[in-house]
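S.K.: I have a structure I would like to understand better, so I am pasting it below and will then ask my questions one at a time.
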Amino acid sequence: MALIERVDRMQLAVNDRAAAEKTFGTLFGAERARLDESAHLNASRTILSIGESELELCEARGPGIVRDFVDRWGEGLLCAGYASAQLDALAAHLDAIGAPYVREGAQLYLPGTTTAGFPMVISRLEARPRVGPASFFYEATNTLDSNWQSVADLYTRLFQLDASKFSPISSKRFGYEGTLTLIDPPARLDRIELSQTFPDRPSAMRRFVEKRGGDSLYMCYLETDDYDGLQKRLLDGSATLIARGASIESEHDGCWVHPKSLHGLLLGISRTTLAWEWSGRPEKVSGTFPKKGF
């Protein structure tokens with residue numbers, strides 16, 4: 001049985017939590033759930049409810065992980081957040097296989113040196129009411145210089161995943177090959193996306209890998225039951241959107257939000273069930289909008 005169940009949050013390193021809270025409130029209807037402090041990150045946190053997930057806005061209060069990140073890269077995606085109903089069992093398993101992590105309260109932090117350059121925060125699984133037009137985060141992307149199969153084997157070992165549930169992916173448009181480490185298909189979409197890039201296939205993803213010096217945390221995805229309404233809200237809020245197809249005006253199923261609109265976060269958005277199109281189960285896609293692929 002897998003030791004993680006779902007994607008449940010993202011941690012964002014920001015310069016100004018109040019400004020970021022306003023951004024995500026305006027664009028996604030996110031609401032403040034609570035405020036707290038992290039000694040591990042040496043940061044003050046504003047935790048927002050966004051759909052059924054949470055978004056942690058982390059502002060450095062002194063030297064440490066968040067300050068180092070912002071000084072080097074600017075605002076952006078700090079950690080991909082997953083949830084486990086077996087947090088103690090996961091910690092014991094990581095201890096048993098010698099995988100370094102840090103425990104702080106009800107969260108386990110896995111640094112990029114334990115993963116493939118993919119910092120993770122794993123929280124205790126809990127159900128939450130849905131807030132705003134977003135449904136939930138379901139994916140974070142581990143963009144790779146390393147062999148994707150070796151990285152898939154690493155995550156299988158770290159989290160006791162079932163590799164028979166994974167779904168291969170590739171994209172000529174974005175120049176990658178890899179797999180989706182689906183945790184519980186066909187019930188849920190939750191996964192880590194492994195995207196191996198190549199020097200002879202130039203793309204934005206490859207440039208990111210080269211800038212970061214190798215394997216890294218790249219972006220995340222969320223689903224919505226009201227894609228058209230959320231797209232309008234984003235445009236009304238002056239967000240810059242990137243279309244999957246010919247133009248954003250013709251989009252009814254998915255897009256990307258440019259990092260400059262979201263404090264350094266590159267975010268993909270898809271309407272309900274659309275992601276099954278590239279997740280090995282296209283028969284689960286509902287609706288009649290034309291498929292565009294990747």
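The values are calculated or read from the model by the stated rules, or taken from the named source; none is laboratory data. In this text the structure is predicted, and so the values were computed from the model without any measurement. Because the Cβ atoms are built from the backbone with ideal geometry, glycine has one as well, and the counts that use them run over all protein chains shown. Keep in mind that these areas ignore ligands, DNA and RNA; they rest on the heavy atoms of the full protein, side chains included. Shrake-Rupley method; radii C 1.70, N 1.55, O 1.52, S 1.80 Å.
S.K.: Considering only residues that are open to solvent by 70 Å² or more (accessible area, probe 1.4 Å) and either touching a helix residue (DSSP H, G or I) at 6+ places or on another chain (Cβ under 9 Å) or in a helix (DSSP H, G or I) (or both), which ones fall in segment 1-17?
M.R.: Once the filter is applied, which keeps residues that are open to solvent by 70 Å² or more (accessible area, probe 1.4 Å) and either touching a helix residue (DSSP H, G or I) at 6+ places or on another chain (Cβ under 9 Å) or in a helix (DSSP H, G or I) (or both), segment 1-17 yields only 15.
S.K.: Before we move on, is residue 240 open to solvent by 10 Å² or more (accessible area, probe 1.4 Å) and on the phi > 0 side of the Ramachandran plot? Reasoning before the result, please.
M.R.: On the way: open to solvent by 10 Å² or more (accessible area, probe 1.4 Å): yes; on the phi > 0 side of the Ramachandran plot: no.
Criteria not met by residue 240.
S.K.: Additional query: Please verify whether segment 84-98 includes one or more residues that are in contact with a strand residue (DSSP E or B) (Cβ under 8 Å, 6 or more places away or on another chain), charged (D, E, K, R) and open to solvent by 30 Å² or more (accessible area, probe 1.4 Å).
M.R.: Checked against the condition, which is being in contact with a strand residue (DSSP E or B) (Cβ under 8 Å, 6 or more places away or on another chain), charged (D, E, K, R) and open to solvent by 30 Å² or more (accessible area, probe 1.4 Å), segment 84-98 yields no hits at all.
S.K.: What tally of residues in segment 38-77 results from selecting those that are open to solvent by less than 50 Å² (accessible area, probe 1.4 Å) and assigned to a strand (DSSP E or B)? I'd like the intermediate steps shown before the answer.
M.R.: Of all residues in segment 38-77, those open to solvent by less than 50 Å² (accessible area, probe 1.4 Å) come to 38, 41-51, 53-58, 60, 62, 64, 66, 69-70, 74, 76-77.
Subset that is assigned to a strand (DSSP E or B): 38, 43-51, 53-58, 60, 76-77.
Of the residues in segment 38-77, 19 are open to solvent by less than 50 Å² (accessible area, probe 1.4 Å) and assigned to a strand (DSSP E or B).
S.K.: Among the residues of segment 21-37, count how many are surrounded by 15 or more Cβ atoms within 10 Å (Cβ to Cβ) and touching a residue at least 24 places away in the same chain (Cβ under 8 Å).
M.R.: Matching residues across segment 21-37 total 8.
S.K.: For residues that are in contact (Cβ under 8 Å) with a residue 24 or more places away in the chain and assigned to a helix (DSSP H, G or I), scanning just segment 78-128, find the one that is farthest from residue 1 (Cα to Cα).
M.R.: It comes out as 97.
S.K.: Is it true that some residue in segment 195-204 is open to solvent by 30 Å² or more (accessible area, probe 1.4 Å) and in contact with a Phe, Trp or Tyr (Cβ under 6 Å, 6 or more places away or on another chain)?
M.R.: no
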